[in-house]
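The values are calculated or read from the model by the stated rules, or taken from the named source; none is laboratory data. Bear in mind the structure is a predicted one, so any value in this text is a computation, not a measurement. FYI the Cβ positions are ideal-geometry reconstructions off the backbone, even for glycines, and counts take in every protein chain you see.
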Amino acid sequence: MLTPFGEKLNPDCPLQEHPRPQLERAKWLNLNGKWDYAITETRADETAPAQWDGQIVVPFSPEAPLSGVNRTLDSQHTLWYRLTLPLDGWMVDGQRTLLHFDAVDQEATVYINGQEAGRHMGGYTAFCLDITPYLTGKDDQLIVRVHDDTDASWHSRGKQSSKRGGIWYTPQSGIWQTVWLEVVPENYITGLHFTPDMDAGVLRITATANGEGECVLTLEGKEHRFPANQPAEIPVENVRLWSPEDPHLYPFTLQFGEDRVSSYFAMRKTEVREDEKGVKRLFLNGRPCFHNGLLDQGYWPDGLYTPPSDEAMIYDIQTMKDLGFNMLRKHIKVEPMRWYYHCDRLGMLVWQDMINGGGQYKFGVISVPLVTGLYMKDSRYKAFARESEEGRREYYQELQEMILQLRNVPSIVLWVPFNEGWGQFDAAEACRRIHGLDASRPIDHASGWHDQKIGDIQSLHVYFRPYRFKRDRKNRAVVLSEFGGYNLPVENHTWNDANFGYKGFSSKEELWHAYEKLYREQILPAIPKGLAASVYTQVTDVEDEVNGLMTYDRKVVKVPREEIRKLNAQVILLGEGK
C-alpha cells in the first residue's frame with residue numbers, strides 16, 4: 001500500500017529539506033539516498049561483511065516498502081550500512097565535520113575508514129559525531145552497525161511488536177530519519193535553549209558553545225550581545241503571541257565567532273490553573289484553551305515510522321487543522337524535527353509522549369483497568385515489567401534526550417511520560433526530572449490509568465462506556481486523553497482484512513452520525529463542567545486499526561469536512577467559555 005507521497009518518491013534523494021530548522025547552518029550535506037546494506041545472522045558480528053546484500057534507500061528502515069528491502073530484522077541479526085562520503089572539496093583547514101543521525105533504531109555503532117567514531121543507544125533521538133579526526137578527504141567510507149531487539153528486551157520500542165496485530169504494529173529497524181553532515185569552525189555553537197517569558201516580554205536564552213566568547217543575536221533588525229554558555233534575556237518588543245489561530249514565529253540569527261546559525265522561537269505560555277469559576281483548566285497565553293485533539297500514531301504504510309516526504313508531514317497536520325482540530329497527541333513516537341516545525345508554523349498544539357519500554361506487559365496491568373478502573377502503585381516494578389535496573393536507567397537517559405531535543409518547540413504544550421501502564425514506573429520521579437529540564441509545560445504523568453494522584457492533570461481513557469464528567473478529588477484539570485476509536489474499513493483502502501476498532505460501522509453516513517452524537521451527548525455537555533481537553537482516536541487507520549478519520553494511505557477522509565469543522569468550532573468556543 002502506497003500513499004500519494006510514496007508514489008512520487010525519488011529514491012535517489014528522499015527527504016532533502018534541512019532536518020533541523022531551529023539550528024540551521026548554510027553549509028550542510030544531506031546523505032539520504034541509496035546506501036549499501038547487509039543483514040548478517042549473528043548478533044556478535046563486529047566486522048563488516050565481505051559481501052553486501054544490495055542497496056537500501058535511507059532513511060527508510062529495511063522493513064519499510066520504500067526502502068526497497070522488505071526484510072525484518074531479528075534480535076539476533078546485525079544490520080550493516082555502507083556509504084562512500086561525497087567529501088570532495090568539503091574539508092577546509094581549521095573546520096570540523098559533524099555527522100548527524102536523527103534517529104537509528106536501536107543500538108548504533110558508527111565507523112569511519114574502519115575506525116569506531118561513536119555509539120548511540122536509543123531508537124528515537126538524534127545524535128551527532130565529530131568525525132574530523134577520521135577523515136582523509138578522499139573516498140572516506142562510512143559504515144554503521146545496528147542491533148535492534150524490538151520487544152525481546154527492555155529497550156524502548158513504542159508500538160512495535162514482533163507479533164504485530166491490533167494496536168501493536170510492524171517492527172522497524174535501523175536508520176529511519178535523515179543522515180546529514182555539516183561543517184563548523186573550530187569553535188562553534190553546540191546548542192540553544194530558550195524559554196519565552198510572555199509576562200516579562202523577554203526571551204530567556206542560553207547558547208552553549210565549545211569555547212568562550214560573545215554571541216550576537218539579531219532579532220527584527222536589532223543586535224543583542226551576550227556571552228556564550230551563560231543565560232541571557234532578549235527583550236521582545238510589541239509581543240505577538242503564538243496560538244493555533246495566529247502561529248506567529250520570530251526568526252533570528254546567532255553569530256559566535258565564525259559560526260552563524262539561524263533559528264526561530266515563539267512567545268506563548270502554557271499552564272494549568274483555575275478559571276474564573278475555580279475549575280482547573282488548560283490555559284494558553286493567560287486564557288482558557290480547550291485542547292480539541294486527536295491521537296496521532298505517525299505510522300505510514302510505505303515508510304512505517306518514516307514519513308515519505310515533507311509534503312506528507314504537512315498533509316497530515318494541515319488536514320486535521322482544516323477539519324477544525326487544534327491539537328495532536330504524538331503517541332509513543334518522536335517525529336523528525338521538521339514535523340514539529342510544521343506544527344509550529346501551522347498552529348497545531350502538540351502533546352508529546354515518551355516512548356514505552358520494559359519487559360513483556362501483563363494483561364491485567366495494561367488492559368484490565370480500562371474496564372475495572374482499578375489502579376496500582378507504580379513502584380511495583382515486577383507487575384509493570386520494569387524489573388531491570390539498567391532498563392530504568394536507560395528510560396531516564398532517553399527521556400532526558402527527548403526533552404532536551406524538543407524543549408525549544410513552541411507547539412509542544414504538554415509532556416506525557418507514561419501511557420496505560422506500558423512499562424510505567426516511579427512516575428513522580430519522571431515528572432521531577434522533566435520539570436528539572438523544562439519547568440514551562442504541564443505534565444500528564446499517567447495517561448489512561450495507574451494514576452498516582454500527583455501533578456496538575458487527571459488523565460482518562462474511555463472506550464467501552466459513555467463518558468460522564470466527574471470533578472477530580474485532587475482538584476486537577478480533567479482531560480479525556482483517549483476515546484472514540486470508531487472503525488470503518490473503506491474498500492480498496494485497507495492494509496489487510498482486519499477490522500479493529502472500538503465500535504464498528506458500515507458506511508460513512510453511519511460513522512458520522514455516531515461521531516456527531518458522541519460529541520454532542522458526551523463531550524459538549526462535559527466542557528462547561530470542567531473537561532479541559534479531549535483526544536479522539538485517531539488521525540489515520542494504522543494496519544489492523546481502521547478507526548482513523550483518514551484511511552492509512554491518506555487517500556480518503558471518512559467524515560464530512562464542513563460538518564466536522566462546524567462541530568469542532570463549537571467544541572473550542574465552548575472550551576474558551578464563549
message: Looking at (1) surrounded by fewer than 21 Cβ atoms within 10 Å (Cβ to Cβ); (2) over 30 Å from Asp259 (Cβ atoms); (3) acidic (Asp, Glu), which one does Glu212 not meet, given that it meets all the others?
response: (2)
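Take the conditions among the small types (Gly, Ala, Ser), under 24 Å from Ile457 (Cα atoms) and in contact (Cβ under 8 Å) with a residue 40 or more places away in the chain and apply them to Gly293. Does it pass? Break it down stepwise before answering.
Values: among the small types (Gly, Ala, Ser): yes; under 24 Å from Ile457 (Cα atoms): yes; in contact (Cβ under 8 Å) with a residue 40 or more places away in the chain: yes.
Yes; evaluated as a whole, the condition is true for this residue.
Looking at region 278-307 only, could you name the residues that are over 16 Å from the mean Cα position of the chain (by Cα) and closer than 20 Å to Pro171 by Cα?
Going residue by residue through region 278-307, those that are over 16 Å from the mean Cα position of the chain (by Cα) are 278-292, 301-302.
Across region 278-307, the qualifying residues are Pro301, Asp302.
With the condition kept exactly as written, say whether any residue in region 493-505 is in contact with a His (Cβ under 9 Å, 6 or more places away or on another chain), assigned to a strand (DSSP E or B) and either of a type in the set (Val, Ile, Thr) or closer than 17 Å to Leu370 by Cβ (or both).
If we filter region 493-505 for residues that are in contact with a His (Cβ under 9 Å, 6 or more places away or on another chain), which is where we start, we get 505.
Of the ones still in play, those that are also assigned to a strand (DSSP E or B) are none.
No: region 493-505 contains no residue that is in contact with a His (Cβ under 9 Å, 6 or more places away or on another chain), assigned to a strand (DSSP E or B) and either of a type in the set (Val, Ile, Thr) or closer than 17 Å to Leu370 by Cβ (or both).
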- prompt: Looking only at region 208-224, which residues are over 13 Å from Phe252 (Cα atoms) and not β-branched (Val, Ile, Thr)?
  reply: Ala209, Asn210, Gly211, Glu212, Gly213, Glu214
query: Pro251 is checked against (1) on the phi < 0 side of the Ramachandran plot; (2) assigned to a loop (DSSP other than H, G, I, E, B); (3) not charged (D, E, K, R) and fails just one. What number does that condition carry?
result: (2)
Answer from Leu219, Leu192 - the residue that is without any contact (Cβ under 8 Å) to a residue 60 or more places away in the chain and either closer than 22 Å to Arg20 by Cβ or within 19 Å of the chain's Cα centre (by Cα) (or both): Leu219
message: On the basis of being of a type outside the set (Ser, Thr, Tyr), at pLDDT 95 or above and in contact with a strand residue (DSSP E or B) (Cβ under 6 Å, 6 or more places away or on another chain), does Val478 make the cut?
response: yes
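Is it true that Lys578 is basic (Lys, Arg), modelled with pLDDT of 95 or more and assigned to a loop (DSSP other than H, G, I, E, B)? Let's see the steps before the verdict.
Details: basic (Lys, Arg): yes; modelled with pLDDT of 95 or more: no; assigned to a loop (DSSP other than H, G, I, E, B): yes.
No, not satisfied.
Being aromatic (Phe, Trp, Tyr), buried (at least 23 other Cβ atoms within 10 Å of the Cβ), on the phi < 0 side of the Ramachandran plot and in a loop (DSSP other than H, G, I, E, B): is that true of Tyr552 here? Full working, then the answer.
Details: aromatic (Phe, Trp, Tyr): yes; buried (at least 23 other Cβ atoms within 10 Å of the Cβ): yes; on the phi < 0 side of the Ramachandran plot: yes; in a loop (DSSP other than H, G, I, E, B): yes.
Yes; evaluated as a whole, the condition is true for this residue.
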query: Under 8 Å by Cβ, and 6 or more places apart or on different chains, what pairs join a residue from region 539-564 that is within 16 Å of Tyr515 (Cα to Cα) with one that is in a strand (DSSP E or B) and small (Gly, Ala, Ser)?
result: Asn547/Gly484
- request: Go through (1) touching a residue at least 40 places away in the same chain (Cβ under 8 Å); (2) of a type outside the set (Gly, Ala, Ser); (3) buried (at least 16 other Cβ atoms within 10 Å of the Cβ) one by one and return the number of the condition Val92 breaks.
  value: (3)
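Which residue is surrounded by the most Cβ atoms within 10 Å (Cβ to Cβ), if the candidates are limited to region 478-497 and must be in contact with a Gly (Cβ under 8 Å, 6 or more places away or on another chain) and within 26 Å of Gly421 (Cα to Cα)? Walk me through how you get there before you give the answer.
Pass one, region 478-497, residues in contact with a Gly (Cβ under 8 Å, 6 or more places away or on another chain): 478, 481-482, 485-488.
After this cut, where a residue has to be within 26 Å of Gly421 (Cα to Cα) as well, the list is 478, 481-482, 485-487.
On the way: Val478: 22, Ser481: 28, Glu482: 25, Gly485: 21, Tyr486: 23, Asn487: 22.
By that ranking, first place goes to Ser481.
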- prompt: Do we find a residue being in a strand (DSSP E or B), assigned by TED's automatic domain parsing to the domain that holds Ile355 and either of a type outside the set (A, V, I, L, M, F, W, C) or surrounded by fewer than 19 Cβ atoms within 10 Å (Cβ to Cβ) (or both) anywhere in region 467-476?
  reply: no
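How many of the residues making up region 298-316 are without any contact (Cβ under 8 Å) to a residue 60 or more places away in the chain and surrounded by fewer than 23 Cβ atoms within 10 Å (Cβ to Cβ)? Talk me through it step by step, then tell me what you get.
First pass over region 298-316, keeping only residues without any contact (Cβ under 8 Å) to a residue 60 or more places away in the chain: 298, 313-314.
After this cut, where a residue has to be surrounded by fewer than 23 Cβ atoms within 10 Å (Cβ to Cβ) as well, the list is 314.
The number of residues fulfilling the criteria is 1.
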message: Condition first: modelled with pLDDT of 95 or more, within 15 Å of Thr306 (Cβ to Cβ), out of contact with any Pro (no Cβ under 6 Å at 6 or more places or on another chain) and surrounded by fewer than 18 Cβ atoms within 10 Å (Cβ to Cβ). Can you find one or more residues in region 35-47 that meet it?
response: no
query: Can you spot a residue in region 426-440 that is touching a helix residue (DSSP H, G or I) at 6+ places or on another chain (Cβ under 8 Å), closer than 20 Å to Leu282 by Cα, surrounded by fewer than 21 Cβ atoms within 10 Å (Cβ to Cβ) and not hydrophobic (A, V, I, L, M, F, W, C)?
result: yes
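Take Leu573 and decide whether it is of a type in the set (A, V, I, L, M), closer than 25 Å to Asp316 by Cβ and touching a Lys or Arg at 6+ places or on another chain (Cβ under 7 Å).
On the way: of a type in the set (A, V, I, L, M): yes; closer than 25 Å to Asp316 by Cβ: yes; touching a Lys or Arg at 6+ places or on another chain (Cβ under 7 Å): no.
Here the answer is no, as Leu573 does not meet what is asked.
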message: Exactly one condition in (1) among the hydrophobic types (A, V, I, L, M, F, W, C); (2) outside the structural domain of Arg329 (by TED's automatic domain parsing); (3) closer than 30 Å to Asn547 by Cα is false for Leu241; which is it?
response: (3)
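Do the conditions hold for Gln115, that is, is it out of contact with any helix residue (DSSP H, G or I) (no Cβ under 6 Å at 6 or more places or on another chain), polar (S, T, N, Q) and outside the structural domain of Tyr395 (by TED's automatic domain parsing)? Before you say what the answer is, go through the steps one by one.
Working: out of contact with any helix residue (DSSP H, G or I) (no Cβ under 6 Å at 6 or more places or on another chain): no; polar (S, T, N, Q): yes; outside the structural domain of Tyr395 (by TED's automatic domain parsing): yes.
No; evaluated as a whole, the condition is false for this residue.
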- prompt: Has region 524-539 got any residue that is in a strand (DSSP E or B), in the same structural domain as Ser447 (by TED's automatic domain parsing) and farther than 30 Å from Glu276 by Cα?
  reply: yes
message: Leu203 - would you say it is modelled with pLDDT of 95 or more, crowded, with 18+ Cβ neighbours inside 10 Å and over 30 Å from Leu73 (Cβ atoms)?
response: yes
message: Suppose the filter is more than 30 Å from Trp495 (Cβ to Cβ) and either in the same structural domain as Asn408 (by TED's automatic domain parsing) or surrounded by fewer than 18 Cβ atoms within 10 Å (Cβ to Cβ) (or both); does Val236 pass it?
response: no
- line: Checked pairs for region 457-478, first on the phi > 0 side of the Ramachandran plot, second among the charged types (D, E, K, R) and crowded, with 19+ Cβ neighbours inside 10 Å, C-beta under 8 Å and 6 or more apart or across chains, list as Asn475/Lys280
- prompt: Of (1) over 28 Å from Ser153 (Cβ atoms); (2) out of contact with any Cys (no Cβ under 7 Å at 6 or more places or on another chain), Gly357 satisfies all except one. Which?
  reply: (1)
statement: Gly548 passes all but one of the listed conditions (1) in contact with an Asp or Glu (Cβ under 6 Å, 6 or more places away or on another chain); (2) over 18 Å from Leu294 (Cα atoms); (3) of a type outside the set (Val, Ile, Thr); the exception is number (2)
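Would region 283-299 turn up any residue that is at pLDDT below 95 and outside any strand (DSSP E or B)? Let's see the steps before the verdict.
Start the filter on region 283-299 by keeping residues that are at pLDDT below 95, which leaves none.
Among the residues of region 283-299, not one is at pLDDT below 95 and outside any strand (DSSP E or B), which makes the answer no.
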